[in-house]
Amino acid sequence: MKRDEIIKVLIDKEHLKREQIEMVVNEKEKTGAPFGYLLIKFGLITADQWYNFVLKEIKIVPLNISGMEISKDILTSLPEFTCRKYRTIPVYKGGKKLICGMVDPLDEDVIEELKKISSMEIEPRLVKDADVKVALEKYLAQGSLKVISPVEKIETAGKVFKPSGIKEISEASAVEAVEDIIRKSIELKATDIHIEIEEEGVKLRYRINGLLYEFPPPPLELYPAIVSHIKVLSSLDIAEKRIPQDGYFKMKISGVDVDLRVSTFPTIFGEMVAMRVLNKKNIVSGLEQLGFLPQTLHSWRTFLEEPYGLLLVTGPTGSGKTTTLYSSLNELDCLHKKIITVEDPVEYHIQNVDQTQINPKAGLTFATALRSILRQDPDVVMIGEIRDRETAEIALRAAQTGQLVFSTLHTNTAPAAPVRLIDMGIEPYLISSSLIGVLNQRLVRSICNNCKERYKPLKEELTQIDIPPEEIEFLYRGKGCHICNGTGFGGRTGIFELMVMNEELRREIMINPEVSRIDQLARKSGMKTLREDGIIKVLDGTTTISEVLYSTKK
């Protein structure tokens, strides 16, 4: 039965109103959630009413999953995200057919998506919403649904990647298991690998586009050997398991040179390992690829041509500051300029750039390294982060006396940067005379190009970003597909606000250094805020309203 026919029966026999149905249809177009589930969610019909309606009127075969035991092999046919979003759970698998218990087994759009994601034919069965909820929590607690890839198949960047199953890894040595784990991270373009030990067993997670996803882990019996091998590669003490350790190693996997920054940490069940995946191809790219609007990019590149001054990149951890700094250094004339960096740690090696890693235990801090660096006659200096007054003061004086200095600072907005330096104890006149620009940034998820679709936004959505509804006919979203694992997103892009220093701002920092006033003057001079930059990317179909609102929340 088609949806129009279902709606007619709902109006005739369940006495729902046409306006109520339209509200549900709009929500479905927006979220992709099952039609029947949205009826329940909006309180237009109870879960039992919906179940009985489908059973009686449509005559779909029901399934009682409340006492059923479902094998892990079947459960991993669909990702957790998909099961939750579409209120479904896989129960049987045979040949190329997957039988799924569904709250709304009538929703053809959902069935089609499950087919794409699982690469199998879907046979729907009617189940109660309460039973699906209980089943999801039950199997999540066992770790059975916590996978990112459907039927062990992920297509990323045009390649098919088949992660190793538990059986395959258990037959391999710890060396092969570690290489396999790292290989997956490269295929998935993950930024971090987390190998953790808990009471229930081993957990393997990758951070992809800023979010963590779980994969089938290596077996418990192999875990100690895997941790020991990673520690050997990182030159760490394998006998020391009581305190955290940090290390670093390089590896060539599938023809790709990858650097890994390693951190081990003791827990009550054993050591867990976090590895930052430093793939130079992913970070040292052209500035055009980072998401700059043309005018912002032009202004930032103008700064790169300045002979001296301080440039700050601000934002929270994980906002892409390091990527921007490295990409900026990569655009400078490294052959005819002496460029020195002081970092903690050195994440990527750049040709013709002298890079130094601080070592506080040996007395090499940002401040001490910076003093010596200035005697090396550099043209450009990059300081990984300004953390204290001494480092800030040396950086500002270097910027004042002939060097172009780059650094990062933890502030939520560009106008807050000079005030943060003043709070550190820096004299306003020094900031006013040395600072030439502040770039504040965040990362937002980009809409998946494979399943991008147009939709008519709700009035409430547009109100959130202060756009009159009559001005916008449609926006874009990702419907969710096998490429993006049903998330609707693929990759990330930056949103930026660039404060260009001018005489009015310099005077304000000297006489009245308040964030609100500096912000007002910067916007008057043409600075687009993070949210304004993000809204432009919503309108051009790069990202979504929810991503921008989340990343720029006050």
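From the list Asp259, Asp246, Asp237, which residue is touching a helix residue (DSSP H, G or I) at 6+ places or on another chain (Cβ under 8 Å) and open to solvent by 20 Å² or more (accessible area, probe 1.4 Å)?
Values: Asp259 fails: open to solvent by 20 Å² or more (accessible area, probe 1.4 Å); Asp246 fails: touching a helix residue (DSSP H, G or I) at 6+ places or on another chain (Cβ under 8 Å).
On inspection, the qualifying residue turns out to be Asp237.
Within the range 376-386, take every residue that is part of a loop (DSSP other than H, G, I, E, B) and in contact with a strand residue (DSSP E or B) (Cβ under 9 Å, 6 or more places away or on another chain) and give me the one that is farthest from Ile518 (Cα to Cα).
Initial filter on the range 376-386 (part of a loop (DSSP other than H, G, I, E, B)): 377-379, 384-386.
When the remaining residues are screened for being in contact with a strand residue (DSSP E or B) (Cβ under 9 Å, 6 or more places away or on another chain), the result is 378-379, 384-386.
Working: Pro378: 32, Asp379: 30, Gly384: 25, Glu385: 23, Ile386: 21 Å.
Residue satisfying both the conditions and the ranking: Pro378.
Of the residues in the range 519-542, how many are more than 14 Å from Leu439 (Cβ to Cβ), open to solvent by less than 30 Å² (accessible area, probe 1.4 Å) and under 21 Å from the mean Cα position of the chain (by Cα)?
5
Please list, ordered by first then second residue, the pairs with beta carbon atoms under 7 Å, 6 or more apart or interchain, first in the range 292-308 and under 17 Å from Lys338 (Cβ atoms), second of a type outside the set (A, V, I, L, M) and crowded, with 17+ Cβ neighbours inside 10 Å.
Leu304/Ser328; Tyr308/Gln403
Residues being open to solvent by less than 20 Å² (accessible area, probe 1.4 Å) and touching a residue at least 24 places away in the same chain (Cβ under 8 Å): count how many of those fall in the range 198-207.
Of the residues in the range 198-207, 2 are open to solvent by less than 20 Å² (accessible area, probe 1.4 Å) and touching a residue at least 24 places away in the same chain (Cβ under 8 Å).
Can you name the residue in the range 17-40 that is closer than 17 Å to Val110 by Cα and basic (Lys, Arg) and, of all such residues, is modelled with the lowest pLDDT? Give the steps one after another, and end with the answer.
Narrowing the range 17-40 to residues closer than 17 Å to Val110 by Cα: 24-40.
Then drop every residue that is not basic (Lys, Arg), which leaves 28, 30.
Working: Lys28: 84, Lys30: 76.
For the range 17-40, the residue satisfying everything is Lys30.
Quick one: in the range 28-48, which of the residues that are closer than 16 Å to Lys456 by Cβ and open to solvent by less than 30 Å² (accessible area, probe 1.4 Å) is farthest from the chain's Cα centre (by Cα)?
First, the residues of the range 28-48 that are closer than 16 Å to Lys456 by Cβ: 28-32.
After this cut, where a residue has to be open to solvent by less than 30 Å² (accessible area, probe 1.4 Å) as well, the list is 28, 32.
Details: Lys28: 25, Gly32: 21 Å.
Of everything passing the filter in the range 28-48, Lys28 is farthest from the chain's Cα centre (by Cα).
Is at least one residue of the range 304-323 part of a helix (DSSP H, G or I), among the small types (Gly, Ala, Ser) and more than 28 Å from the chain's Cα centre (by Cα)?
So the first thing to find is which residues in the range 304-323 are part of a helix (DSSP H, G or I), and the list is 304, 321-323.
Now restrict to residues that are among the small types (Gly, Ala, Ser): none.
Looking for residues that are part of a helix (DSSP H, G or I), among the small types (Gly, Ala, Ser) and more than 28 Å from the chain's Cα centre (by Cα), one finds none in the range 304-323, hence no.
Does any residue in the range 25-36 that is under 14 Å from Val103 (Cβ atoms) come within less than 8 Å, Cβ to Cβ, of a residue that is hydrophobic (A, V, I, L, M, F, W, C) and open to solvent by 20 Å² or more (accessible area, probe 1.4 Å) six or more places away or on a different chain, and which pairs are these?
Close Cβ pairs (under 8 Å, with a partner that is hydrophobic (A, V, I, L, M, F, W, C) and open to solvent by 20 Å² or more (accessible area, probe 1.4 Å)) amount to Phe35/Val25; Phe35/Leu106; Gly36/Leu106.
Let's see how each residue does on (1) in a loop (DSSP other than H, G, I, E, B); (2) crowded, with 17+ Cβ neighbours inside 10 Å; (3) in contact with a helix residue (DSSP H, G or I) (Cβ under 6 Å, 6 or more places away or on another chain):
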| site | (1), (2), (3) |
| --- | --- |
| Leu396 | no, yes, yes |
| Ala399 | no, yes, yes |
| Val405 | no, yes, yes |
| Thr408 | no, yes, yes |
| Ala417 | no, yes, no |
| Gly425 | yes, no, yes |
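Can you tell me which residue is surrounded by the fewest Cβ atoms within 10 Å (Cβ to Cβ) among those in the range 294-309 that are among the aromatic types (Phe, Trp, Tyr) and closer than 20 Å to Gln441 by Cα? Before you say what the answer is, go through the steps one by one.
Let us first name the residues in the range 294-309 that are among the aromatic types (Phe, Trp, Tyr), namely 300, 303, 308.
From what's left, closer than 20 Å to Gln441 by Cα: 300, 303.
On the way: Trp300: 22, Phe303: 18.
Applying the filter and picking the extreme gives Phe303.
Which members of the range 184-213 meet the condition of being touching a Leu at 6+ places or on another chain (Cβ under 7 Å) and over 23 Å from Val444 (Cβ atoms)?
Listed by number, the residues that qualify are Ile195, Gly201, Val202.
Out of Gly486, Gly490, report the one residue that is within 22 Å of the chain's Cα centre (by Cα) and open to solvent by less than 30 Å² (accessible area, probe 1.4 Å).
Among Gly486, Gly490, only Gly486 is within 22 Å of the chain's Cα centre (by Cα) and open to solvent by less than 30 Å² (accessible area, probe 1.4 Å).
Quick one: which of Phe81, Phe53 is in contact with a Leu (Cβ under 9 Å, 6 or more places away or on another chain) and either crowded, with 21+ Cβ neighbours inside 10 Å or assigned to a helix (DSSP H, G or I) (or both)?
Within the list Phe81, Phe53, the selection yields Phe53.
Taking Val127 and the conditions (1) under 23 Å from Gly478 (Cβ atoms); (2) touching a residue at least 60 places away in the same chain (Cβ under 8 Å); (3) open to solvent by less than 20 Å² (accessible area, probe 1.4 Å), which numbered condition does it fall short on, given that it satisfies the others?
(1)
Kindly provide the set of residues from the range 338-356 that are at pLDDT below 90, in contact with a strand residue (DSSP E or B) (Cβ under 6 Å, 6 or more places away or on another chain) and open to solvent by 20 Å² or more (accessible area, probe 1.4 Å), ordered by number.
Residues satisfying the conditions are Pro345, Glu347.
Working only within the range 379-394, note down all residues that are within 20 Å of Arg301 (Cα to Cα) and open to solvent by 40 Å² or more (accessible area, probe 1.4 Å).
Asp379
The values are calculated or read from the model by the stated rules, or taken from the named source; none is laboratory data. Values in this document were obtained by computation on a predicted structure and should not be read as measured data. Counting neighbours? That spans all protein chains shown, and the Cβs are built from the backbone with ideal geometry, glycine included. When the accessible area is computed, the model is the full protein with side chains, heavy atoms only, and any ligands, DNA or RNA have been set aside. Shrake-Rupley method; radii C 1.70, N 1.55, O 1.52, S 1.80 Å.
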